[in-house]
Amino acid sequence: QALFNLLIPDHTADAFSPPRLSEPSLWDVLVEWLLGGLSHWDAEHFLFIAEHGYLYEHNCAFLPLYPLSLWAVARGALWPLQWLLRLRSRLLLSAVLLNSLFSALAAAALYELGRVVLRRRRVAFLAALLFSLSPANVFMAAAYSESMFAFLAFSAMWQLEKGQSWLSGLLFSLASGVRANGLINAGFFLYSQGKRFALQLQVGPGSLRKLPLLWKQVLSLASSAVLMSAGILLPFAVFQYYAYVRFCGPGTGLDRSIPEPLLQLARDKGYRPAAMDGAKPPWCSQRVPVVYSYVQDTYWNVGFLRYFELRQIPNFLLALPVTILVSWAAWTYISTNPWHCLTLGLERSKSEEEGKPKDGFCCPAAFVYMVHATALLAFGFSCMHVQVLTRFLGSSSPILYWFSAHLLQEHEPLLWSTGTDNPPAGRSVLGKSPSSCGKGTPDNPVMRLLLNWRLITPLSKGILGFFLCYWLLGLLLHCNFLPWT
């Protein structure tokens, strides 16, 4: 990132670029030189919010938990560096440290989730490695909220699979304070409770005797669902109320305390500062004043089919690989489990009745994750800036990594080695790759494929090529203010 930022001049982009209010020291210049490429595009919003708060209306498109975390680390753990670095440099350093931690924890959570859901350790491990080479990796490293959200979302899914409902609900709630699409995660909890109740009704004829207790179970289920959904919604709702008080309340003269360079930026760019006397924003008079949707609509023109223009074809091409992969995953799952999908997974399968549930990507337990990924894909493709689909899905859904790992494990002979997971039926088993150094050396399947690039199948080259190309192009383009996903 530092190398690309040094060799390639920054593009002059029409992006949020607030002025610096203090002169940098030599140490600030060094931090900017080393890490400055990770502070571009939306990262400027997060760093600005962590430093100055929500001064401008359009900052409210970015939820508060991630910038609050940056502020806490910069003011806390990095407080001894205040004599060397100004606050912004410490915030940027905090972002890099936190995102490195969250990315590693997200990979670990994805691995554990895959072990529980897929019941195949190798596929789960391969998926976690692919996450470490995510095509959205630049956003996992830059001062964006993707890595924090992935960690919270994958951890919450894992805890829910383990039966830790309240811990899962807490993690899902925190995730909705990081990104707005965390609200849809309430569906995981609702589905889990609904499926448990539906399966209880199918345990056999003896269950008819328990019908008088049915209303108690329904009441318990409904109250639990309402409480958990409310908890997941709460951080988002509280933030909307905070924005209403800040931008729609009576003028408090806060604009007089805003530094003049930031007020001048608002005048030059047409930004609306907080708590100014005069006309209130239009969203303040709505029956349910939600600043998030208003900002997305007004400042970024986000809406249903608004991006379907000829000039946006390059952005649709950027989103094509991830769109194909997730669509292919959905088709594979539906065609393998048509009845399970038609019954919404609420009917007990024969394998479950025998106590031997099916494993692998097409297992019944993966149904809700497939629905989640398909819903995100449909919404992102039709209502969002389509080029963000790669990081949108890459930080929210395990399906992108599970399906890619499934394809590699099923169709790549170099991965058919002995172990806990059996190779596809009727196919020969190969030994470890020449890259394995010894009997006790852990084997990295991704490295094995990369070191034997000429021998792997075209499908493997396509999947790994997509991950690696987007990984590299993301660093090269994003860090120099060039358009990317």
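Listed values, structure above:
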{"quantity": "Whole-Hz ³J(HN,Hα) from phi, Karplus 6.51 cos²θ - 1.76 cosθ + 1.60, for region 395-412, glycine and proline x", "calculated": "9, 10, 10, x, 4, 4, 7, 5, 5, 4, 5, 4, 5, 5, 5, 7, 10, 10"}
{"quantity": "Calculated [θ] (222 nm, deg cm²/dmol) that DSSP helices of n ≥ 4 give over the chain, each run adding -39,500 (n - 2.57)", "calculated": "-18500 deg cm²/dmol"}
{"quantity": "Label zone at Phe304 (point 7 Å along Cα-to-Cβ), backbone N below 12 Å, region 383-405", "calculated": "383"}
{"quantity": "The chain, Cα convex hull volume normalised per residue, Å³", "calculated": "188 Å³"}
{"quantity": "Region 123-224 shape via C-alpha gyration tensor axes, a/c threshold 1.5", "calculated": "prolate"}
{"quantity": "Charge dipole of region 239-334 about the Cα centre (unit charges at C-beta), most positive-ward option of Leu262, Gln296, Pro282", "calculated": "Pro282"}
{"quantity": "Computed FRET value (nearest 0.05) for Ile334 with Leu21, which takes r as the C-beta separation and R₀ as 45 Å", "calculated": "0.25"}
{"quantity": "Carbon and sulfur %, accessible surface of the chain computed with the full protein complex present, 1.4 Å", "calculated": "66 percent"}
{"quantity": "Where labels lie 7 Å past Cα in the beta-carbon direction, separation of Leu199 and Leu342 in nm", "calculated": "2.2 nm"}
{"quantity": "Computed magnitude of the charge dipole of the chain (debye, nearest 20; Cβ of K, R +1, Cβ of D, E -1)", "calculated": "1320 debye"}
{"quantity": "Cβ-based charge dipole, the chain, positive-most Cα from Gln240, Ile399, Leu482", "calculated": "Ile399"}
{"quantity": "Label-to-label distance, nm, for residues given as Asp297 and Ser223 (7 Å Cα→Cβ offset)", "calculated": "3.8 nm"}
{"quantity": "FRET efficiency estimate (nearest 0.05) - Cβ-Cβ, Asp268 to Leu472, R0 30 angstrom", "calculated": "0.25"}
{"quantity": "Most to least accessible of Ile49, Ile184 (protein chains only, probe 1.4 Å)", "calculated": "Ile184, Ile49"}
{"quantity": "Whole-number D in µm² s⁻¹ for region 81-185, Kirkwood Cα-pair radius fed into Stokes-Einstein, 20 °C, 1.002 mPa s", "calculated": "147 µm²/s"}
{"quantity": "Accessible surface, per residue, of the chain when the full set of protein chains is kept, probe 1.4 Å, Å²", "calculated": "47 Å²"}
{"quantity": "Packing-based ranking, highest mean first, of 279-292, 61-74 given that Cβ atoms within 10 Å are counted", "calculated": "61-74, 279-292"}
{"quantity": "Estimated inter-spin distance, Arg311 and Val116, nm [label 7 Å along Cα→Cβ]", "calculated": "4.7 nm"}
{"quantity": "Dipole axis of the chain (+1 Lys, Arg; -1 Asp, Glu on Cβ), positive-most option in Phe154, Val31, Ile49", "calculated": "Phe154"}
{"quantity": "Region 211-312 - Rg (one decimal) and Dmax (whole number), Cα, Å", "calculated": "20.8, 70"}
{"quantity": "Net charge dipole size for region 59-201 [Lys, Arg +1 and Asp, Glu -1 on Cβ; Debye, nearest 20]", "calculated": "220 debye"}
{"quantity": "By average C-beta atoms within 10 angstrom, highest first, the peptides 157-167, 384-394", "calculated": "384-394, 157-167"}
{"quantity": "Highest-first arrangement of 309-320, 327-338, 108-119, where packing means the average Cβ count within 10 Å", "calculated": "108-119, 327-338, 309-320"}
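The values are calculated or read from the model by the stated rules, or taken from the named source; none is laboratory data. Being a predicted model, the structure only gives us computed values, none of them experimental. A quick note on method: Cβ atoms are made from the backbone with ideal geometry, for glycine too, and the neighbour counts reach across all protein chains shown. These accessible areas exclude ligands, DNA and RNA; they are computed on the full protein's heavy atoms, side chains included. Shrake-Rupley method; radii C 1.70, N 1.55, O 1.52, S 1.80 Å.
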